[in-house]
Every structure is written in C-alpha cells, then in structure tokens.
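Novice: The structure's right below; bear with me while I get my questions together.
Bear in mind that the values in this text are calculations on the coordinates, not laboratory data. A quick note: this is a predicted structure, and the numbers were derived from the prediction, not measured. When we count neighbours, we look across all protein chains shown, and the Cβ atoms used for this are built from the backbone with ideal geometry, even at glycine.
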Protein chains: 2
Amino acid sequence: MRTALLAASAALALSLPASAQDESKVAPAPSEIVAAAPKADWVGIPAEDLLVMTLAPDADGSPRTVVIQLMPAPFSQGWVHNIRLFARSGWYDNISVNRVQDNYVTQWGDPNYDNPEATGKPKPLPEGLKVMGEAEYLADMTYSAEQPRPILPPDTYSSNNSFFGGFPVSGNGAGRTEFWWPTHCYGMVGVGRNYSPDTGSGAELYTVIGHAPRHLDRNIALVGRVIEGMEHLSSLPRGKGALGFYTAEEAAKRTPILSVRVANDLPMSEQPAFEYLSTESATFAAYAEAIANRRDPFFITPAGGADICNIRVPVRRVAGGG
Amino acid sequence: MRTALLAASAALALSLPASAQDESKVAPAPSEIVAAAPKADWVGIPAEDLLVMTLAPDADGSPRTVVIQLMPAPFSQGWVHNIRLFARSGWYDNISVNRVQDNYVTQWGDPNYDNPEATGKPKPLPEGLKVMGEAEYLADMTYSAEQPRPILPPDTYSSNNSFFGGFPVSGNGAGRTEFWWPTHCYGMVGVGRNYSPDTGSGAELYTVIGHAPRHLDRNIALVGRVIEGMEHLSSLPRGKGALGFYTAEEAAKRTPILSVRVANDLPMSEQPAFEYLSTESATFAAYAEAIANRRDPFFITPAGGADICNIRVPVRRVAGGG
C-alpha cells in the first residue's frame, strides 16, 4: 500500500509549482483520498438496515436525530431481528437515555428496566423476540467469499483485524476461515444485558463514547453503529449514579427518545440514504495506509501503524428517496 | 502476573461459603483490586503539579472545576514551565473552550488566536516563555533508575508500552534505554500548535475526548492529564465549524474559563490533594492483569490483553491541606 500511495503523491507533485514540490507538503490527507474516491467505491446502505432515532429537541429547541446502521449477515444474528421488531411495534417510542458513563457508553431503553435508579414498573416486551445464546457473539464465516478483508496486523486484542460490510471485525484465527466478531470501536452500538446466560433482547442499547472497550468483544452483542448524529449521544451530561446511570434525582436529565423507525417504513420522501466506502476498494486501502503513515503537512513523525478503531469507515449521506 | 492473581483469587475463595466458591464468581474486578491496595501503594501528587481550572457554572448554575496533573520530569519539558507561567501571570483567566470535535479533542485558549472562527485580535503572550523544539517530544531516559515499568507488550503504535510517574508512555526501543514518549490516551492534555516547526507555547491546550489518537504521539507535546472533572470537557456541545471549532454564530457556546491556578498557589485550605496508584506496585500489576483477563461475573470471554489506554492509572482525591 505504501508504494501505491507514494506513486500517487509523486504524480501530484509534478503538477504543482516547483516551490510546492516538497513531498511532505503534497501527500494527501486521508480525507482527501476519500474525497477523490470514484463513485463505484461507494456502497449504498439498504433502508432496511437504517434506524432513525428521534430524540427530544435540545435546550435550544434544535432537533436531534440519530441514524444507526444495523449490521449485515452473518453478524446481524437474532438481535437485529429483535431490534426491527421493537422499532416496528413502537416499543422504543417514549423510552429514554438512562445512562451516560464518561469514556465508556451512552445507554438507552426503558428507564424502569434493569436500572438501579428505577422508580416504576418495566413495560412489557413485545411478542416474537428471539432468545440468543452466547455462541452468537461470534460469526463462523467458512465461505471464502465471505472472508473479511483487508487483513490488518494483529493487535493486543486479536490476531486478525479487518472489515466486513463496512464494519470493523476482529478474529483469532491464524487462517481466514475462523471465527470473527464485531469490534467495540467508538460509535458502535451494542445490546445491554444482565449477567450470563442472559444475552439481552435488544430492548436496551448502548453506544461507545470513549476509548474502544474491546474487553467487551465476545461478551456482548454488537448490532450496528451510529452513522449520523453521534454528537447527540456523546455530549449528553454524565450520570452521577453507579455506572453512569442518572439517579432518581437527575431523572430530568434522561433525554426522551420520541421514536425509532426502520428507514424502510418511512414515507419515501423522508427516508435518509447513506453510502459507505467499500472496505475492499483500492481507495480504502490507500485511506487506511495514509492513516497509518500520516504525511500531510501537520505531521512530523508518522506512526507507522493504525489501530483498527482509528480507521473509521467513511460514510456519507446521499440524496434520498424523496 | 496471571499466576499472582489466580493465587489471590484462590485465597479469596477459601474465605467464602462453599456456594460462592465458583472461581468465576469470586475473581475480583479491577476496581476491587484497587480498593484493596495498601496505603503504601499510593503516591501523592505535588501541589506544584496540579492545575485547578474553573469553568463558568453550567446551565443549572452548578460549578464546574477541572483538575489537571502536569507531567513529571523528564517528560515535563519546557511546555510545563510555560503552562505554570501562563497560569501564574493570569493569562489563562477569561479564555474559553473554542473547539470540541467529536471523538477527538476539546481545546481551550484565546478564542482569537489560531482560530479559523476568530473575530478579534489575539491577546499578547507573557514574557519568559520557552521555545521548544520537536526533539523534546521524546524523553531520552538513559538512567536505568528512570526506566518506565512495567513493560507491556508491543502494539500497533510502539514496540514498548509502559507507565512512568503515573503516566502512560510508549517507546520504540527494543531495550529499555531508548527514547520514550507520552501516549495520547483519553483525558491526556496536549499543546495545540500550528504547522511545524512551531511546537506550541502552551497557550492553547486540548484534551482527548475519544478513541486514543496515537498518530499524534511524537507530533504534539503532551503535558498532563485530566484527573477530575473530565466530564465538564467531554460533554460539551460539539462545534459545527471546521475541526470542531465553534463558528462565530455559535460564539455563545464557548465555555468561559474563569481562572486556572497552580494548586500550590491557592490558600492551603483550598488546595485539592490527589494520589495515584504507583504503577510499579504489585497492586498495579494485579490491576492491569485483571483488566486484560476480566474474570469478574459479567464476563464470559476474557480478552487476554489490554490496550495501554484501557489500563487507566487509578487516581483518588484525599484530604487536602485545609
């Protein structure tokens, strides 16, 4: 990858005035590589995989919308089935954000379910939920066509790291036919649960708002990631209770969630549309390489590597169905 | 380290009723290991190394105080000298938080200095500032007594990771007498700068509010870390301008910084006091091992390793001078 990018830089340098031909000044930033990606490198996200979560407006009256991309098969598992069911039954309407723990997670759900600060009774769950086992935290991808790629170097948490369907995944197999699991990077969405063997239903969801808590990998189900409006979840006041739950006295800080809809169920004119940069494209490879070896002008000493959670898959909003 | 902790767990199990002797249920959580640390494992932080930063009260009128621990020698370098000088000259009084970029940094300083959204003139800098070179991003620790320890496994960014004086540090030397640099973990405080060869004066400071941006290591000076009140910086509204700067239209969102004081300069009765868990203690080794191999009841599959930025050095407030 390094060779390819250096070649691209050299070509760019030739088109610039001599005074600007210091290569350190012309190496494109990762964002510039993404901006130059051909249209064919972008992959549309199905409306069935998009959740539109509408929070109550903020203190200034500004609207707050969060869009979550659900994970594709084989990682989607039964939890994603449940999440669509919760959304379509209206169960998520009028729940709230109940927990914000600094450098860890923002969690939302029924404020009276599994909340040390609950003051009322939990609402009944809808029918038709799947009960998942712990084995489903892993995906057995035995078909070579389904193997994640590109493979990144091993790190402290796994011997393989890669991307699949636009999501970061990690694995422990030395080969490429072993088990993989989704990776707890910033903005990933997971399923709150109680002690094992409980694996959570999807009624309680959280997103990562700090350094990747990868010790949660293979211990909790990940089901998607926030692709728009993350700031509405990451900038909320931290709770003063245990684990960052808002205490009963802080109940007014619980941000109301007005509704959660599968984008596919919205009128065509209201459906948001997004694309992600194919993680199997040459553009993505150049982007990842440039993140690992920053040569754009601000940098003096390139790192020589990049954590999978610092190689964030580019996502963009595009004209919708309307 | 693993052996030591397993032994401790076995000892604990023996003192519990038979029904609780399933080791998976009695292995202490990292926080429990810290809570049981002997007094001798805690190291007092000098008041000369503590900055007390008072923000304007929040929307509810609640006070907001942030405490920063400055880095010890040999990592302190001239920037820490400058920061004490800025604080003692009153230069930091009435500056503001000007930039909040999601999953990256919160930055404060003169809103009219090096800010794409500036509308006024920058305030003059105090006299006596040191000008630092890029070489000072590294510390050459050639005395064995000064070597960081314990040494953690290599990761994507460095062949060595360790702790020194309670701070996370990384290095590239195969041996232990090579260069080390501080590590850009969550909550670390660094010095904003312009393009090289500028290395920043300390007038602009930032803290990490997302996944560790370790590509900034060796490219920007780190000078300390937030040890209390981090939530007042991490939960601020994100700026809508380039790089997360608040735009001129959003100027009202710039949180005023009323004052920044070196704790040593405060009346004794107002001086806060803190201790950190010695990173060279057996307790810290057991704590780090337990983070890498979570055996407390919530966990099913221990990670088998831990990123240096997930091994957060415990800090506690203790009775102050008053």
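Novice: Divide by every residue of chain B the summed helix terms, -39500 (n - 2.57) for each DSSP H run of at least 4, and state the resulting mean residue ellipticity at 222 nm, rounded to the nearest 500 deg cm²/dmol.
Specialist: -4000 deg cm²/dmol
Novice: When each copy gets a label point 7 Å from Cα toward the beta-carbon at A:Ala56, what are the spacings between them in nm, shortest first?
Specialist: Those separations, rounded to one decimal, come out as 2.4 nm.
Novice: Scan segment A:72-162 for trypsin sites (Lys or Arg not before Pro) in coil per DSSP, keeping those whose Cβ has at most 16 other Cβ atoms within 10 Å, and list them by number.
Specialist: Numbers: sites: A:Arg84, A:Arg88, A:Arg99, A:Lys130; in loops: A:Lys130.
Here the trypsin sites (Lys or Arg not before Pro) that fit, given the DSSP loop and packing criteria, are A:Lys130.
Novice: Also, I was wondering about something else. With label points built 7 Å along Cα→Cβ from the Cα atoms of B:Lys240 and A:Asn194, find their separation and express it in nm.
Specialist: Placing both labels 7 Å beyond Cα along the Cβ direction yields 4.4 nm.
Novice: Let me ask something else. Place the peptides B:308-316, A:57-65 in order of packing, highest mean first, counting for every residue the other Cβ atoms within 10 Å and averaging per peptide.
Specialist: In descending order of packing, they fall as B:308-316, A:57-65.
Novice: If you don't mind, there's one more thing I want to ask. If Lys and Arg each add +1 and Asp and Glu each add -1, what is the summed charge of the other residues whose beta carbon sits under 14 Å from the beta carbon of A:Gly239?
Specialist: Computed value for this residue: 0.
Novice: Turning to a different aspect of this structure: In percent, what relative contact order does segment B:44-278 have, based on Cα pairs under 8 Å that are 6 or more apart in sequence?
Specialist: The normalised contact order for segment B:44-278 reaches 32 percent.
Novice: Ok, one more. Over segment A:226-284, what portion of Cα pair distances is larger than 15 Å, expressed as a whole percent?
Specialist: Values: 1198 of 1711 pairs.
When all Cα pairs of segment A:226-284 are counted, 70 percent exceed 15 Å.
Novice: Apply the Karplus parameterisation 6.51 cos²θ - 1.76 cosθ + 1.60, with θ equal to phi minus 60°, to every residue of segment B:29-38 and state each ³J(HN,Hα) to the nearest whole Hz, in sequence, with x for glycine and proline.
Specialist: Result, ordered by residue: 6, x, 5, 6, 5, 5, 4, 8, 5, x Hz.
Novice: How large, in Å, is the protein assembly as shown by the Kirkwood hydrodynamic radius built from its alpha-carbon pairs?
Specialist: 26.0 Å
Novice: Rounded to whole Hz and in sequence order, give me ³J(HN,Hα) for segment A:165-171 from the Karplus expression 6.51 cos²θ - 1.76 cosθ + 1.60, θ = phi - 60°, writing x for Gly and Pro.
Specialist: With the stated coefficients, segment A:165-171 comes to x, x, 10, x, 9, 10, x Hz.
Novice: Oh, and also: What list of ³J(HN,Hα) couplings, whole Hz, do you get for segment A:53-65 from phi and the Karplus terms 6.51, -1.76, 1.60, once you set θ to phi - 60° and write x for glycine and proline?
Specialist: Ordered by residue, 3J(HN,Hα) equals 10, 9, 8, 4, x, 6, 4, 8, x, 6, x, 10, 10 Hz.
Novice: Need one number: the % of Cα-Cα pairs in segment B:28-178 sitting beyond the 28 Å mark.
Specialist: The share of Cα pairs beyond 28 Å in segment B:28-178 comes to 40 percent.
Novice: Here is a follow-up. What is the percent of Cα-Cα separations in segment B:121-276 that go past 26 Å?
Specialist: That tail contains 39 percent of the Cα-Cα pairs.
Novice: Continuing with this model, one more query. How big, on average over all directions, is the shadow cast by the Cα convex hull of chain B, in nm²?
Specialist: Details: hull surface 75.8 nm².
Answer in nm², one decimal: 18.9.
Novice: Can you list residues from other chains, or at least 5 along the same chain, whose modelled amide H is less than 5 Å from the amide H of B:Phe163?
Specialist: When sequence neighbours closer than 5 places are left aside, the close amide H contacts are B:Arg149, B:Val169.
Novice: One decimal, nm, shortest first: give the distances between the label point of A:Asp296 and those of the same position in the other copies, each label point 7 Å from Cα along Cα→Cβ.
Specialist: 3.9
Novice: A further question follows. Set the Förster distance to 35 Å, then compute FRET efficiency between B:Ala35 and A:Ser159 from the Cβ-Cβ distance, nearest 0.05.
Specialist: Values: r = 34 Å, r/R0 = 0.97.
After rounding to 0.05, the efficiency reads 0.55.
Novice: Now a separate question. Give the nm distances, rounded to one decimal, from A:Glu136 to the matching residue in every other copy, measuring between label points 7 Å along Cα toward the beta carbon; shortest first.
Specialist: Distances between equivalent label points, in nm: 5.7.
Novice: Here is a further query. Skipping prolines and chain starts, which residues have an amide H placed within reach, meaning under 5 Å, of the one on A:Ile227, given they are 5 or more residues away or on another chain?
Specialist: A:Val67, A:Ile68, A:Gln69
Novice: DSSP loop (so not H, G, I, E, B), at most 12 other Cβ within 10 Å: list which GluC sites (Glu not before Pro) in segment B:94-196 pass both filters. Intermediate values should be presented prior to the final figure.
Specialist: Details: sites: B:Glu117, B:Glu127, B:Glu134, B:Glu136, B:Glu146, B:Glu178; in loops: B:Glu117, B:Glu127, B:Glu178.
Those satisfying the criteria are B:Glu127.
Novice: While we're on this one: Quick one: net charge around A:Thr199, please, counting Lys, Arg +1 and Asp, Glu -1 for every other residue with C-beta under 14 Å from its C-beta.
Specialist: -2
Novice: Excluding same-chain residues fewer than 8 positions from A:Lys121, which lysines have a Cα within less than 21 Å of its Cα?
Specialist: Correct list for A:Lys121: A:Lys253.
Novice: Might you report the magnitude of the Cβ-based charge dipole of segment A:46-276 about its Cα centre, with Lys and Arg at +1 and Asp and Glu at -1, to the nearest 20 debye? Numbers along the way, then the final one.
Specialist: Values: 18 positive and 26 negative charges, 41 e Å.
So the dipole magnitude of segment A:46-276 works out to roughly 200 debye.
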